1. Below 17 Å, Cα to Cα, which aspartates and glutamates can K216 reach? Residues fewer than 8 away in the same chain don't count.
2. Cα centroids of region 304-363 and region 206-239: how far apart, whole angstrom?
3. Give me the percent relative contact order of the chain, please, defined on Cα pairs under 8 angstrom at least 6 residues apart.
4. At what distance in nm do the modelled label points of R355 and V337 sit from each other, each positioned 7 Å from its Cα along Cα→Cβ?
5. What is the order of H140, H158, H77, H85, fewest Cβ neighbours within 10 Å to most?
6. Would you mind ranking L131, L93, L117 by Cβ crowding within 10 Å, fewest neighbours first?
7. Over 26 Å between C-alpha atoms is what I'm after, so list which of K60/K262; K60/K263; K236/K262; K189/K262; K201/K262 land there.
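What follows is calculated from the coordinates using simple rules that are stated; it is not laboratory data. From a predicted model like this one, the values you see are computed outputs, not experimental measurements. Here the Cβ positions follow ideal geometry from the backbone for every residue, glycine too, while neighbour counts run over all protein chains shown.
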Amino acid sequence: MRIVFVINSLIYGGAETQVMALSRQLAAQGHAVAIYTLRRENPRAPELDGSGVDIVADCKAWKFDVALLARLRRFFHAFRADIVHGFLFDGNLYATLAAAGTGIPALMSERTDNYVLPLRQRLGLELTRHLAAGLVANSHAGARFTQPILGMPDADVHVVWNGIDTDDESAHENGNPAAMEFFGSADVKVACMVAQMRPEKDQCFALRVARALVGKSPAWRVLLVGDCLPQTRAYKETVLRLYDELALGSSVVFAGLRRDVKKIIRGSNVLFCTSQREGFPNVVLEAMSVGTPVVSTDYSDIRLILPTPWQVVANRAPEDVAEAIIRADAERQALAVRQREWLEQHGTIAMAARRLEDVYSCYAVRTT
């Protein structure tokens, strides 16, 4: 098949990570794959060097750029695309509009759930929902949320969980490398959170968990990895104010944006997530792949992912999340085995690519 992914840009985000991993895997499986970005700023593009994936970087001049839409449409024809797959709002919008009337099926994606649609997105969905051939969500929760909005039949709504490359994963590191690097002591334990700094990830709640955790066991420290986007700078300021108000001092470190996230996770005692809503968390797969136990708040499909019920804390009480973190560290070996088993059965990038192949084949058959 000849597959085109459409996405705003290749930055350091979950959807971008998955598009790149799927593209690389699908190309390795013999498909012709192109990623068409709507912006030229693609800092992660070099990661696909040598993969066989074509990257076309355009430049969106306006919120709705008709000229870009025409260029994208021409590219679909020149590439001889069999299927077009949009990611995130702009990717969905431009993919479906550019493919309209060409005979090339265009699929939308859904990467989260339970959110309030801004006016611009509501208008965009009204304009394009009847043009999309189908929907691919990365969670059952996202599919249930979006299907009634789009009015699609069950047969055109598909769930493809995220996947991760597990071919070259090493086990959890001995000692406390994250503790030494960020806290200067091997005698402390590290609970790590990796997420963009934005309200739905709820770093404010993570700080309250940090206070509860250190209060229960002074040996613990909390590492927050990730930074804000330009549009979420105000939320970052809110987080930093709360950090000061809670007087967390050296018990919490903000590591900012890092390129060695998997190494940090591997060197931490526990990975914890405090999301209020999300799709399928890539970072959880990364922790499972390196043997780091995971604790999470309850959102999306997380209860279908983590192997023991107590790893998911439903009530969003900081003290209960702190207790679960302490327990996860105590039961690390058993959890690491069960998490790895789940990952190998459900969460590899090869499995995700095969599921997408099956979805794409349905629509390619309809158009031939």
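1. Straight-distance partners of K216: D187, E319, D320, E323, D329.
2. Using only Cα atoms, the two centres lie 22 Å from each other.
3. 15 percent
4. 2.7 nm
5. Ranking H140, H158, H77, H85 by Cβ neighbours within 10 Å, fewest first, gives H77, H140, H158, H85.
6. On the way: L131 16, L93 24, L117 13.
Final ranking by Cβ density, sparse to dense: L117, L131, L93.
7. K60/K262; K60/K263
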